[in-house]
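Colleague: Dropping a structure here in C-alpha cells format, bear with me for questions.
Coordinate-derived values only; no laboratory data. Bear in mind the structure is a predicted one, so any value in this text is a computation, not a measurement. Glycine also receives a Cβ, built like all others from the backbone with ideal geometry; neighbour counts cover every protein chain displayed.
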Amino acid sequence: MQSDTQNSEVKSAKVEQLRKIAKLMDSQFKIPGTNFSFGLDPILGLIPGLGDYSGVLSGLAFVVLAKKNGASNRASLMMLKNIVKDYFIGLIPVLGKAFDFFYKNHKKNIKIFEENILEHKHNEPTKPIVFVIIFAILFLGLILSILVVWLMVKAYKFLIAHYGQGPF
C-alpha cells in the first residue's frame, strides 16, 4: 500500500510541475474586475516573426516534459494536435492573435495529461507514423513562416531601393 501512495504523490508532483508551466503560458495575468486571464503565450505571439515560434516551442517543450513524466503516446498526440491548431490559426493576421488570448493551448494540454496520468484515459495505441506526420506539418509551417518573413524583408528592401527612404 505504501508504494501506491508514493506513486500517487510522484504523479501529483509531475502534474503540478506541468500545471505551473500551463498557468505561466495561459493564465498568469488576470484583468482586474473580470474573470479573464492570459499568459505569456499570447503576449509573445504579438512579437512579429518570433511570436508564432515561441508558442510552438513552448508547446513542444510541454509535450516533451509530459512524455518524460509518463504521458502515453495517445495523450502526447492529442497535445500535439492542440499545438498544430494553435500554430496555424495563430498565423492568420489579427484573428490569430485574438485566438491566442482565448484558446489556452497549455491548459488544454494539462487537462489531457492529468486525465492520462491520474485517470488512466487516452491510453489507446497510436501508430508512430502519426507523430511523423504531425511533426512534418509543424516543420513545414515553420518553414512557411520563415519564407513569409524573408519575402517581407525582400519586398521592403525592393521598395526602399526603388521608391526612396523608408520610415526609419
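Colleague: Match the structure shown to one of the listed values (i) 38, 20, 15; (ii) 56, 12, 10; (iii) 37, 20, 11 of semi-axes √(5λ) of the Cα gyration tensor in Å, computed from it, and give that label.
Modeller: Answer label, from the structure shown: (iii).
Colleague: Give the aspartates and glutamates whose C-alpha is closer than 15 Å to that of Lys111, dropping any in the same chain fewer than 8 places away, or say none.
Modeller: Cross-link targets: Glu16, Asp26, Glu119.
Colleague: Suppose R0 equals 35 Å; then what is the FRET efficiency for Phe131 and His162 from their Cβ-Cβ distance, rounded to the nearest 0.05?
Modeller: Between Phe131 and His162 the formula returns 0.15.
Colleague: When a footprinting reagent is the concern and you count Cβ atoms within 10 Å, what order do Phe139, Phe62, Phe38, Phe88 take, fewest first?
Modeller: Phe139, Phe88, Phe38, Phe62
Colleague: Using Cα pairs closer than 8 Å and at least 6 residues apart in sequence, work out the relative contact order for the chain, in percent.
Modeller: The normalised contact order for the chain reaches 23 percent.
Colleague: So if R0 is 30 Å, what FRET efficiency would Ile89 and Ser12 give, r being the distance between their Cβ atoms, rounded to the nearest 0.05?
Modeller: 0.35
Colleague: A follow-up question, please. Looking at this model, which pairs from Lys30/Lys67; Lys23/Lys85; Lys68/Lys97 are more than 25 angstrom apart at the alpha-carbon?
Modeller: Violating the 25 Å limit, Cα to Cα: Lys30/Lys67; Lys68/Lys97.
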